[in-house]
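Worksheet: the structure to be examined is printed underneath.
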Amino acid sequence: MIILNKDASLSLSIFNKNNCLYIKNYTNKIENISNNVYLYSAIIDKYDDIHICFIDFKNYFYYYTYNNSSLNLISSFKLNVSSKKICKLSMYSLNNSINIFFSKSLNKYYHNIYHLNYNFYNNELIEFDIKNAFKSKLPLYTINVSNNYIICSYYVKSKNKIDLESMVYNDNKKCWSNFSNIYTSNVLFKYCDTIKY
């Protein structure tokens, strides 16, 4: 269950029961969003709009917004992989875009990490992928969001060595860079500046 309660008048719950996705608003009214849901995620942005994404058992990805008690389909498309090979669906708000991450299992140890960037001012959807992340006993990847950047850290394996790598997404330029290829201190300073001490 995901509880979104930026303020009392906007308190919502989004939950999956028997593979059906529901939204429950502050008046306790429950609406069915979809059936046959495998994974889902939701966030509330700085404009108090609710963003919901989910993947169903038919391998379709859906992205909705919910505002003024109305559910609006923004985008849907069929994934080229079985939904059962997909895991860790999450969403992050950054500037005027929503960033959606999920991973696709290639085999027992290797995954591709997918990033969808949706700009809700021009309705542009951009897709990115990070290939061959190694799954160890630790989380497959971690996401940190700061100012105009997203930092994705994940493990890679070469020969018998496992290393932690990081890539940085610049939302202004709409591109990913290896952490070593950017002015690292600038990104780190901006990231540390956003941490609440």
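Here are a few things to note about the model shown:
- Modelled spin labels at Asn178 and Leu106, positioned 7 Å past Cα toward Cβ, are 1.7 nm from each other.
- Length gained on full extension, Asn80 to Leu125: 14.5 nm, using 0.36 nm per residue less the C-alpha separation.
- With R₀ fixed at 30 Å, the C-beta to C-beta distance from Lys157 to Phe15 puts the FRET efficiency at about 0.25.
- Straight-distance crosslink candidates among aspartates and glutamates, where the alpha carbon sits under 15 Å from Lys84 and sequence neighbours closer than 8 are dropped: Asp56
- Fewest-first ranking of Val145, Val37, using other Cβ atoms within 10 Å as the exposure measure: Val145, Val37
- The distance between label points at Asn148 and Tyr22 comes to 4.4 nm (points 7 Å beyond Cα on the Cα→Cβ vector).
- Among the listed pairs Lys17/Lys46; Lys85/Lys137; Lys78/Lys173; Lys46/Lys78; Lys78/Lys104; Lys85/Lys108, a Cα-Cα separation exceeding 21 Å is found for Lys17/Lys46; Lys78/Lys173; Lys46/Lys78.
- Listed residue (Cys87, Thr142, Asn99) projecting farthest to the positive dipole end of the stretch 2-194, Cβ model: Cys87
- By the rule of a C-alpha distance below 17 Å, with chain neighbours fewer than 8 residues away ignored, the aspartates and glutamates paired with Lys174 are Glu124, Glu127, Asp129.
- Listing Phe102, Phe179, Phe134 from fewest to most neighbouring C-beta atoms within 10 Å gives Phe179, Phe134, Phe102.
- Listed candidates [x] 1.03; [y] 1.34; [z] 1.07 - label of the one calculated as Cα Rg over 2.2 N^0.38 Å: [z]
- Helix axis angle, 184-194 relative to the chain longest principal axis, alpha carbon, degrees: 30 degrees
Every number in this text was worked out from the coordinates using simple rules, so none of it is lab data. As the structure is a computational prediction, the values presented were derived from the model and not from experiment. When we count neighbours, we look across all protein chains shown, and the Cβ atoms used for this are built from the backbone with ideal geometry, even at glycine.
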